[in-house]
1. Of the residues in region A:60-71, how many are open to solvent by less than 30 Å² (accessible area, probe 1.4 Å) and part of a helix (DSSP H, G or I)?
2. What is the number of the single condition among (1) buried (at least 21 other Cβ atoms within 10 Å of the Cβ); (2) closer than 21 Å to A:VAL94 by Cβ; (3) under 14 Å from the mean Cα position of the chain (by Cα) that A:PHE142 does not meet?
3. Hey, among the residues in region B:34-89 that are at the interface with chain A (Cβ under 8 Å from one of its Cβ atoms) and of a type in the set (Ser, Thr, Tyr), which one's nearest to the chain's Cα centre (by Cα)?
4. Of everything in region A:99-133, what is among the hydrophobic types (A, V, I, L, M, F, W, C), open to solvent by less than 10 Å² (accessible area, probe 1.4 Å) and under 22 Å from A:LEU73 (Cβ atoms)? Give them in sequence order.
5. Applying the selection to region B:31-56, what residues are over 13 Å from A:LEU175 (Cα atoms), of a type outside the set (A, V, I, L, M, F, W, C) and either touching a residue at least 60 places away in the same chain (Cβ under 8 Å) or assigned to a helix (DSSP H, G or I) (or both)?
6. Going by the structure shown, is B:SER28 touching a residue at least 12 places away in the same chain (Cβ under 8 Å), of a type outside the set (Phe, Trp, Tyr) and either open to solvent by less than 70 Å² (accessible area, probe 1.4 Å) or within 10 Å of chain A (Cβ to nearest Cβ) (or both)?
7. If I filter region A:69-122 down to residues being in contact (Cβ under 8 Å) with a residue 12 or more places away in the chain and charged (D, E, K, R), which single residue comes out as farthest from the other protein chains (Cβ to nearest Cβ)?
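The values are calculated or read from the model by the stated rules, or taken from the named source; none is laboratory data. These figures come from a predicted structure and were not determined experimentally. No Cβ is skipped: glycine too gets one built from the backbone with ideal geometry, and neighbour counts run over all protein chains shown. The accessibility values were calculated without ligands, DNA or RNA, using every heavy atom of the protein model including side chains. Shrake-Rupley method; radii C 1.70, N 1.55, O 1.52, S 1.80 Å.
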Amino acid sequence: MTVAVTNRSLDGAKPVPEAGMELLLWILVWSELIVFGALLGAFLLLEWLDPAALAALRQTLDLPLAGIATVVLVSSGFFAATAASGRQPRGNLVAAALGGFIFCALKIAAFAHELPALAAMEGRLGELYMLIVGFHFAHVLFVSGLLLLVALRPASRHVAGVATIWHLIDLVWLLILPVVYLG
Amino acid sequence: MHLPRALPLPAVLAGLLIATGLSLLAVSVLPSVIRGPAIAALSLTKAMLIVLGFMRLRRESPVLAGALIAYAAVICLLAGARIALAGLS
């Protein structure tokens with residue numbers, strides 16, 4: 001990945017468009033992290049306040065499926081990192097996107113048996129769980145599409161940008177896992 | 001200053017897969033007082049592997065890498081503390 005947030009033009013007067021895009025990318029990354037951080041913080045607080053709701057939620061969650069989804073997502077991160085390092089970017093971006101779509105399919109399978117139980121749950125924990133996991137699911141689906149779009153014409157700057165966003169999604173999932181699933 | 005060489009990507013992936021397997025094992029085997037710190041440490045390790053191994057941020061921007069790892073550390077520590085305290089109550 002190439003990060004150049006400290007890039008400056010040599011004459012000190014002309015702005016560098018690529019540096020501006022990098023800065024915009026990192027503003028986006030931190031905005032996402034702040035939103036997910038707030039949601040995970042609220043989840044931790046509700047878990048602590050309502051242990052009965054937490055126990056009920058944990059009974060509905062499918063931990064082995066979440067484990068498989070994690071393996072798929074980090075593997076797709078590997079392909080995105082390989083693409084960003086310049087090795088067969090098109091093929092690796094397609095492989096990363098495929099991993100994203102498999103992750104989405106696994107989450108849909110999980111939602112299919114979690115939703116009826118969550119609908120019957122009292123309290124806000126179930127709703128917050130759906131908000132966090134659903135929001136992350138939407139990110140995976142959207143950025144998987146972006147990976148495919150970039151794979152059509154894999155310019156190195158675009159590959160590095162989309163790979164950064166993909167790693168952010170990986171990172172957020174790895175933080176969702178201990179807060180929501182591994183208690 | 002001499003920069004450290006980047007971790008090879010297959011090694012990063014192997015580390016992530018091993019840490020994921022250990023996390024799932026910890027859930028089913030360990031008592032919650034030990035499980036909390038174990039899961040926090042494993043989750044932070046995975047976050048560090050993503051930031052340093054896949055994003056290669058340490059070589060490009062040590063400040064951003066440090067900030068991302070600190071962010072992940074706060075969430076992992078809170079999650080670990082909640083799991084450990086649940087075992088005490």
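1. 5
2. Exception for A:PHE142: condition (1).
3. Ranking the candidates gives B:SER43 first.
4. A:PHE103, A:CYS104, A:ALA110, A:ILE132, A:VAL133
5. Listed by number, the residues that qualify are B:SER32, B:ARG35, B:GLY36, B:PRO37, B:GLY53.
6. So B:SER28 fails the test.
7. Here the residue is A:GLU122.
Each row is one residue, and each column tells you yes or no for (1) at pLDDT 95 or above; (2) buried (at least 19 other Cβ atoms within 10 Å of the Cβ); (3) out of contact with any Pro (no Cβ under 8 Å at 6 or more places or on another chain).
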residue	(1), (2), (3)
A:GLU22	no, yes, yes
A:LEU25	no, no, yes
A:PHE36	yes, yes, yes
A:LEU49	no, no, yes
A:ARG58	no, no, yes
A:PHE78	yes, yes, no
